[in-house]
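Note sheet for the following structure.
The values are calculated or read from the model by the stated rules, or taken from the named source; none is laboratory data. Since the structure is predicted, the reported quantities are computational estimates derived from the model, not experimental observations. Cβ coordinates were reconstructed from backbone atoms using ideal geometry, including for glycine residues, and neighbour counts include every protein chain displayed. Heavy atoms of the whole protein, side chains included, go into the accessibility calculation; ligands, DNA and RNA do not. Shrake-Rupley method; radii C 1.70, N 1.55, O 1.52, S 1.80 Å.
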Amino acid sequence: MKDALIDLLRSDLDAGGYSTDAVAVRLGPAAEEALGREHTVPAARVLDERRDRGDRDALDVLIDLFLLARVVGRTDVDRAFPSLGADGARELRLLSVSDTDTDSDTGRPAGTAPQSWTAALDVHPYAFTDDAGDGHWWILSDLGERAVGGALPEDHVLGVGGASLTLAGITVPTRVGSVLDLGTGCGIQALHASRTADRVVATDISERAVDLARANARLNGITTIEVRLGSLFDPVAGERFDRIVTNPPFVITPRSDGVPLYEYRDGGLVGDALVEAVVRGCAEHLLPGGTAQMLGNWEYTRASDGLSRVGRWVEGLGLDAWVVEREHLDPAFYAETWIRDGGTRPGTPDFDRLSNAWLDDFAERGVTGVGFGFVTLHRPVDDRIPVVRLERVTGSLETAGLGTHVARVVAAVDGVAALTDDELASLALVVASDVTIEHHFVPGQDEPTAILLRQGQGFRRAISAGTALAALVGASDGTLSVGAIVAAIAQLLEADEDALLAETLPDARRLIADGLLLPA
């Protein structure tokens, strides 16, 4: 895409006030919420009423084109793009126009018939808040299923979706020198990475994705992103980074004729081999102290547990690994999810054909389910035994802003992983600011029947604690060592100090790994 045209587009979007806040105000709460459910009629009625009153402006046109996928006229195009112009919008392949100005049936002279303009690319306003403050971007991507009106093309480039928001939310936000965004797509993770990195390299195997990622960086005035074309880590061979973020094409797709192979979600390998390759590749491209974070799928088979498979992938890599499984889907539901994602609907012959292809593939390979979640990898600076944690986290989990918690936990685990029990006992700890202690009593009794340590942020864990552990947490204000606190508790409980310390230290390590206790 031509940089000069992108600059003119930025000027017009800015002049038109095309932002998430402005759209919300223009449509009102009810129509905006309906639009979030893909129900466009209420929003269309708002804009139609404004047109009837003579109030139509550039923002109305931009909403019509890019959020409602409606046809507009040439006058509207001129209204919304005074700098870019209709010719620039066509050259940029932002808009397309039907040839209604050469009407052979009526003999109408060229240029006198009304023109019908539609969006050829999606442009969405995107607002966010991170540790650096509030931000706003415009994101170029391919048209979605509603605008296309059917199945998506195989080179489709996604905009901002649930998965990309999840990855952005869990990404460690600390400042670093370099970031690799592997499989950048429209470039949304690279844009986020530019907020905390001096330099970002974004890669993708799709030429279309590379073009759009470069355009999005230019559109939003970001100059620290370099976009490279190539498969997986090939474009960065021999390079290492402080941070890697990736939402790789992890969808498990049958390798059979007639099954669409979407570039944005299919990595070209059988089963979950692509996710394994990315995990192993991260180990070769992380600097000491660096962190990699990714989303992924892993298979459950008749012979293996899904989380255990990921555990085997990280063996021998020399990396700390924290694998969180958020969902476990049966083969039929998994197939339905991704067939729908491609724009094919249940009840059609294509849906049934694709369902059979997916289920045949799973059956032939003995796959009984698919796990979905995220992986955090960390390369220790020192030579020590890596810490590997595999867990299933069910229920609701707020991922927006979770990266701050992940960063705190990764740093805390790194700080204590190599410590002996004696060294840990000599360490002073502090309680995280979001932790509370709950005592539950049976009416009429003085002693609690249950004590819960509750985490208000992060993973919002509720951990059952005995009297000694609760007392340790309550006294951990950074002034006394773990050993000194346990010695005092042992005296109060009339317990053996050494035995109580041996019992408490593993629990202290667990609370550090959960982010409830932190090295002072």
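Scanning the range 36-91 for residues that are without any contact (Cβ under 8 Å) to a residue 12 or more places away in the chain and part of a loop (DSSP other than H, G, I, E, B), which turns out surrounded by the most Cβ atoms within 10 Å (Cβ to Cβ)? If we take residues in the range 36-91 being without any contact (Cβ under 8 Å) to a residue 12 or more places away in the chain and part of a loop (DSSP other than H, G, I, E, B), then 39 is surrounded by the most Cβ atoms within 10 Å (Cβ to Cβ). The residues of the range 235-252 that are open to solvent by 30 Å² or more (accessible area, probe 1.4 Å) and closer than 26 Å to residue 174 by Cβ, listed by number, are 238, 239, 240, 242, 247. Filtered by the rule that a residue be in a helix (DSSP H, G or I), small (Gly, Ala, Ser) and surrounded by fewer than 18 Cβ atoms within 10 Å (Cβ to Cβ), the range 484-504 gives 484, 487, 488, 499, 502. The set of residues in the range 253-294 being surrounded by fewer than 21 Cβ atoms within 10 Å (Cβ to Cβ), at pLDDT 95 or above and not in a helix (DSSP H, G or I) consists of 287, 288, 289.
Residues checked against (1) assigned to a helix (DSSP H, G or I); (2) open to solvent by less than 30 Å² (accessible area, probe 1.4 Å); (3) in contact with a strand residue (DSSP E or B) (Cβ under 9 Å, 6 or more places away or on another chain); (4) without any contact (Cβ under 8 Å) to a residue 40 or more places away in the chain:
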| position | (1), (2), (3), (4) |
| --- | --- |
| 325 | no, yes, yes, no |
| 346 | no, no, no, yes |
| 351 | yes, yes, no, yes |
| 354 | yes, yes, no, no |
| 359 | yes, no, no, yes |
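For the range 194-211, the set of residues classified as farther than 16 Å from residue 282 by Cα and open to solvent by 10 Å² or more (accessible area, probe 1.4 Å) consists of 194, 195, 196, 198, 199, 205, 207, 208, 211, listed by residue number.
Exactly one residue among 65, 47, 84 is under 35 Å from the mean Cα position of the chain (by Cα), more than 20 Å from residue 142 (Cβ to Cβ) and modelled with pLDDT of 95 or more, and that residue is 47. Scan the range 434-444 and give yes if some residue there is touching a residue at least 12 places away in the same chain (Cβ under 8 Å), surrounded by 14 or more Cβ atoms within 10 Å (Cβ to Cβ) and within 29 Å of the chain's Cα centre (by Cα), otherwise no. Yes, the range 434-444 has at least one match. Among the residues examined, residue 252 qualifies as closer than 30 Å to residue 352 by Cβ and touching a helix residue (DSSP H, G or I) at 6+ places or on another chain (Cβ under 8 Å). Take residue 455 and decide whether it is more than 27 Å from residue 388 (Cα to Cα) and either surrounded by 14 or more Cβ atoms within 10 Å (Cβ to Cβ) or free of Cβ contacts under 8 Å to residues at least 24 places away in the same chain (or both). Spelling it out, it is not the case that residue 455 is more than 27 Å from residue 388 (Cα to Cα) and either surrounded by 14 or more Cβ atoms within 10 Å (Cβ to Cβ) or free of Cβ contacts under 8 Å to residues at least 24 places away in the same chain (or both). When the range 215-249 is limited to residues that are part of a helix (DSSP H, G or I) and touching a helix residue (DSSP H, G or I) at 6+ places or on another chain (Cβ under 9 Å), the one that is farthest from residue 94 (Cα to Cα) turns out to be 236. Looking across the range 213-248, just one residue is among the basic types (Lys, Arg), closer than 10 Å to residue 202 by Cβ and under 20 Å from the mean Cα position of the chain (by Cα), and that is 214. Scanning the range 510-520 for residues that are open to solvent by 30 Å² or more (accessible area, probe 1.4 Å) and either out of contact with any helix residue (DSSP H, G or I) (no Cβ under 7 Å at 6 or more places or on another chain) or in a loop (DSSP other than H, G, I, E, B) (or both) turns up 510, 520. Comparison of 418, 363 shows that the only residue that is farther than 30 Å from residue 476 by Cβ, aliphatic (A, V, I, L, M) and without any contact (Cβ under 8 Å) to a residue 60 or more places away in the chain is 363. When we screen 123, 179 for residues that are touching an Asp or Glu at 6+ places or on another chain (Cβ under 8 Å), in a strand (DSSP E or B) and either under 20 Å from residue 194 (Cβ atoms) or open to solvent by 30 Å² or more (accessible area, probe 1.4 Å) (or both), the only hit is 179. Taking strands (runs of 3 or more DSSP E) as the structural unit, those lying wholly within the range 390-479 and holding at least 1 residues that are among the hydroxyl-bearing types (Ser, Thr, Tyr) correspond to 435-440, 462-464.
Residue count for the range 1-26 satisfying the condition of being of a type in the set (A, V, I, L, M, F, W, C), surrounded by fewer than 17 Cβ atoms within 10 Å (Cβ to Cβ) and farther than 17 Å from residue 79 by Cβ: 3.
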